[in-house]
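Notes to accompany the following structure.
The values are calculated or read from the model by the stated rules, or taken from the named source; none is laboratory data. The model shown is predicted, which means the values in this text are computed figures rather than measured ones. FYI the Cβ positions are ideal-geometry reconstructions off the backbone, even for glycines, and counts take in every protein chain you see. Heads up: the accessible areas ignore ligands, DNA and RNA and are worked out on the full protein's heavy atoms, side chains in. Shrake-Rupley method; radii C 1.70, N 1.55, O 1.52, S 1.80 Å.
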Amino acid sequence: MCRSSVCISINWLEEDLRLVSTGRRPHLELMQRMNMNKNKIWGDLVFRGLTAAFASGIALIFIAIILVLWQQSQPSITKFGFSFLTSMSWNPVQEHFGALIPIVGTLLSTFLALVFAIPLSLGIALFLAELAPHWLRAPFGTAIELLAAIPSIVYGMWGLFVLGPLMADYVQPFLKKTLGFLPFFSGPSMGIGMLTAGLVLTLMIIPFISSVTRDVFLMVPQPLKEAAYGLGCTTWEVVRDIMIPYGRKGIAGAIFLGMGRALGETMAVTFVIGNAYHLSWSLFSPGNSIASTLANEFTEADGTIYLSSLIELGLVLFLITLIILSLAQIWLRRSQTGRT
Amino acid sequence: MQKGKFIQTVLLTAAAVAAFTVPCQAESTITGAGATFPYPAYSKWAYDYNQETGVRLNYQSIGSGGGIKQIKAKTVDFGASDAPLEPKELDESGLMQFPMIMGGVVPVVNIKGITTGQLKLSADNLAAIYMGKITKWNDPKIAADNSGLKLPAEDITVVHRADGSGTTWIFTNYLTKVSKEWKEKVGNDKAVEWPVGLGGKGNEGVAAFVGKVDGSIGYVEYAYALQNKMASVMLKNHDGKYVAPTAENFQAAAAGADWAHAEGYYMVLTDQPGANSWPITGASFILVYKNQTNAAQAKEVLKFFAWSFKNGDKSAMALDYVPMPDAVVKMVEMSWQKEIKDQDGKAIWP
C-alpha cells in the first residue's frame, strides 16, 4: 500500500514536469484526470479569477488616477495653457501659477543625486561583488539594503539637523574658496538648498542602485572573468573591460530605479530644499520641487485655480515619472533580449 | 476545525471592536478643523472640558484654509481660521464667525551675540528685509536704529512659511499696511510670492531654519518663540514706540479694537494705535453655520465655546495666548443668540 502510493506520486511528478515543459496547466489537468472533487477545481478557477481581478484593479487605478488628475486640473489647464510649464511665477495672491521652478527643482535635485550616487554605487557594488572578502559581503550588503528601509522623514530630519549645518559651516565655505569663481558655488552659505537636497537624495538612492548593480555584477559569467585574468588583466581592467560592459544595461536599469525614487521623493526634500520659488545658478540657493510644493501647499490651498494648479503639478510629476520609468522598462527589456 | 477557529477569531475581534466603539458613539463628540496656531489652547480646553462634562472634542489642526474648506463641505461642526473671512464671503456661505483667542506673531533672529529684545527694527526695515532690499545685518539703515549694538557684516537669510498659513496672513497683512512697496508687489494672503528667502513648513519648520541658519530672520507665533527660546526683536509700533512681544502688549493691541462696529467680527489687529500695542497681533476665529440642521449638536458646540470663554482664560494664558476681553465675549454670545437658528428659525442659544 505504502509503496504503491509512493510510486504513484512519482508518476504524478513526472507527468507534472512534462506538462510544465509543454506549457499547459498541469494541476488543473491532473486534477481532472484524477477525477478529484469538483469543488476543488472550482476553487482553483475562483482563485484564478480573483488574482486576475486584483491585477486588472491595478491597471484600473492607474487609469483612474490619470483621469482624475486630468479632470481636476482642467481649470488651471484652461486658464494657463502651455504657459503653466514655462512660467516662473507662483503667486497665490494674484492667482497666477507656473510650474517651471518646481519642475527645474525636481529635475536638478534628481540630477545632482544621480551625479553623486552613480559612481558611489558602482564602487560599492564592485567592492561587494568582486573585491570584498567573502565573510564581509553578506553583512555589508545587508547594511546597505537596510539604508533603503529608513523612512524618508528620518533622512529629512538628518539633512536638516546634521547635514545642513555641516554644509553651512564647512562644505560651502570650502567650495566658495576653491571653486567660487563658478556661478554654481556662490551666494550665502545657508546649508539649506539645492545641493543639500541633492546630497540627501544621493544617500537615499544609493541602496537601490548599489544592490541592483551588485546583482548585475554577480551575473557576469565566471569564465569570462577568469579568461581575462588568465590573459594577465589587472582587477581594474577586468572591471572596466569585462564587468561594466557586460552589465551595462542592467546598471542602466538600476540607475533608472534610483532616478524614479529621487523624482518623487517628498518629505526628505521638503526638509532641506528651502521651499522657495527662486531660480538661481547657485546650487547653494534654495529652490523647490514638485513633490515638496504639493506637500507644503495642498492643505491650505483655497480657491479653485490654486488647488487645480497644484493638481496639475501632480499630473506633471506623474507624467515625468511615467516617461522616465517607461524608458527604463524599454531599456531593461532590450537588455534582457540582448543577452539571450 | 481550522475554519471554525478562524470564524471564532473573527467574531471575537468584531465583538471586541464593537464593544470599544459603541460607548464612544453614545458619548457626544464635537468635531472641528482648521487653524494650527490656536491648536494647543483648543486641545487643552477640550481636555479640561471632557474631564468636566464627558463631551469629547475632535479638533484637526489642518490649517486655516483646510478649516474653511471643511466647514464649507459640512464635514465638521465648526471651522477655525486665523484669517477672518470677509462679511461678503460669510453671507454667501451662510456662516457666522466670531473671535475665540488672540496671539502675536513675532519676528525672531539668529545673529551671533544678539539675544531677545536687543535688535530693534522699524516697520520700514522689516519690510525692506523681507523685500530683499536690505541684505546685510550691518546695513546703515538697521544700524541707525540700533546704536550701541554690534551688528555683524553677515548676509541676512530670510525665512518664511512654505505652507499656506494664518500666521503668514497676519504677518503679510502687517507688511501690507506699513509698506506701500509690499502692498503693490507682494500683497496679503495665507501664502504669497516671497521676493527672497527660505520656506519652512509650519511654525516649527521656520523655527528650525532660524535655529540652524546663521544670520537668519523668521516669523513665528509667540508661543513657538518662547518655547524654542528664540531671540525676538523689538518692533516700532503705530505710535512710533519700540515694543517687545509680550502678552500685555498683545492685549494692548487688542484693547483698542472696536469689535462692536466690526461687521461679521471682521477685525484685523495688526498695526493698532496705542503706546504699548504690539504691531503684529491677530485673533483666531471660529466658523459655524447660522442655519443648523442638528440643533442639539449645534448647542453642544456653543456650550463648549461658552465654557471655554468662561473657564479657559487661565490655561490659555499659561500657553502664552491672550484671551478675549469680557466685553467681546458678551457681544459674541449675543450674536449667537441673534444669528444661529435651527430649522424652524428658533434661536439655539442659550
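What to note about this one:
- With every protein chain in place and a 1.4 angstrom probe, the accessible-area ranking of A:VAL68, B:VAL196, largest first, reads A:VAL68, B:VAL196.
- With a Förster radius of 22 Å applied to the C-beta separation of B:ASP91 and B:MET334, the computed FRET efficiency comes to 0.70.
- The C-alpha atoms of chain B define a longest principal axis, and helix B:295-311 lies at about 40 degrees to it.
- Comparing mean-square fluctuations of B:ALA223, B:ALA253, B:ALA208 from a GNM of chain B with C-alpha springs under 10 Å, the top value falls on B:ALA208.
- A protection proxy built from the mean count of other Cβ atoms within 10 Å ranks the segments A:278-285, A:317-324, A:60-67, most packed first, as A:278-285, A:317-324, A:60-67.
- Working from Cα pairs under 8 Å separated by at least six residues, relative contact order for the range B:198-347 is 18 percent.
- Charge dipole (chain B, unit charges on Cβ, about Cα centre) - positive-most of B:GLY200, B:ALA260, B:VAL178: B:GLY200
- Value of [θ]222 nm, deg cm²/dmol, for chain B, DSSP H segments ≥ 4, -39500 (n - 2.57) each, nearest 500: -13000 deg cm²/dmol
- Note on the range B:280-350 and the range B:26-104: Cα centroid distance 10 Å, given to the nearest whole angstrom.
- The gain in end-to-end length when the A:CYS233 to A:GLU95 segment is fully stretched comes to 43.2 nm, 0.36 nm per residue minus the alpha carbon separation.
- Prolate/oblate/rounded call for chain A, Cα gyration tensor, a/c under 1.5 rounded: oblate
- Of the accessible area of the protein assembly as shown, computed with a 1.4 Å probe over protein heavy atoms only, carbon and sulfur atoms account for 63 percent.
- Per-residue mean of foreign Cβ neighbours for A:135-141 is 0 (Cβ atoms of other chains, 10 Å radius).
- Model label points for A:ILE41 and A:ALA55, set 7 angstrom from Cα along the Cα-to-Cβ axis, are 2.2 nm apart.
- Taken residue by residue and averaged, Cβ atoms of other chains lying within 10 Å of the Cβ of B:206-213 number 4.
- Sequence-distant lysines (8 or more away, or on other chains) whose Cα lies within less than 22 Å of B:LYS346: B:LYS74, B:LYS290, B:LYS299, B:LYS303, B:LYS330, B:LYS338
- Prolate/oblate/rounded call for the protein assembly as shown, Cα gyration tensor, a/c under 1.5 rounded: oblate
- Extreme residue, positive dipole direction of chain A, given options A:ILE153, A:ILE323, A:GLY247 (C-beta unit charges): A:GLY247
- Relative to the current alpha-carbon distance between A:ALA149 and A:VAL68, full extension at 0.36 nm per residue lengthens the span by 26.1 nm.
- For the protein assembly as shown, the per residue solvent-accessible surface stands at 48 Å², with DNA, RNA and ligands left out and a 1.4 Å probe.
- Fraction of beta bridges assigned by DSSP in chain B that are antiparallel (%, nearest 5): 65 percent
- Rounded if a/c under 1.5, otherwise prolate or oblate - chain B, Cα gyration tensor axes: prolate
- Pair A:PHE174, B:ALA153: separation of 7 Å Cα→Cβ label points (nm): 2.5 nm
- For peptide A:91-99, the mean count of partner chain Cβ atoms within 10 Å of a residue's Cβ comes to 4.
- Extending 7 Å from the Cα toward the beta-carbon at both B:ASP258 and A:THR78 defines two label points whose distance is 4.4 nm.
- Within chain A, helix-based [θ] at 222 nm, where runs of 4 or more DSSP H residues each add -39,500 (n - 2.57), nearest 500: -22500 deg cm²/dmol
- By average C-beta atoms within 10 angstrom, highest first, the peptides A:228-237, A:87-96: A:87-96, A:228-237
- The B:LYS180 and A:PHE181 beta-carbon pair, evaluated with R₀ = 51 Å, returns a calculated FRET efficiency of approximately 0.80.
- Heavy-atom accessible surface that A and B bury in contact, both chains counted, 1.4 Å, Å² to 100: 2300 Å²
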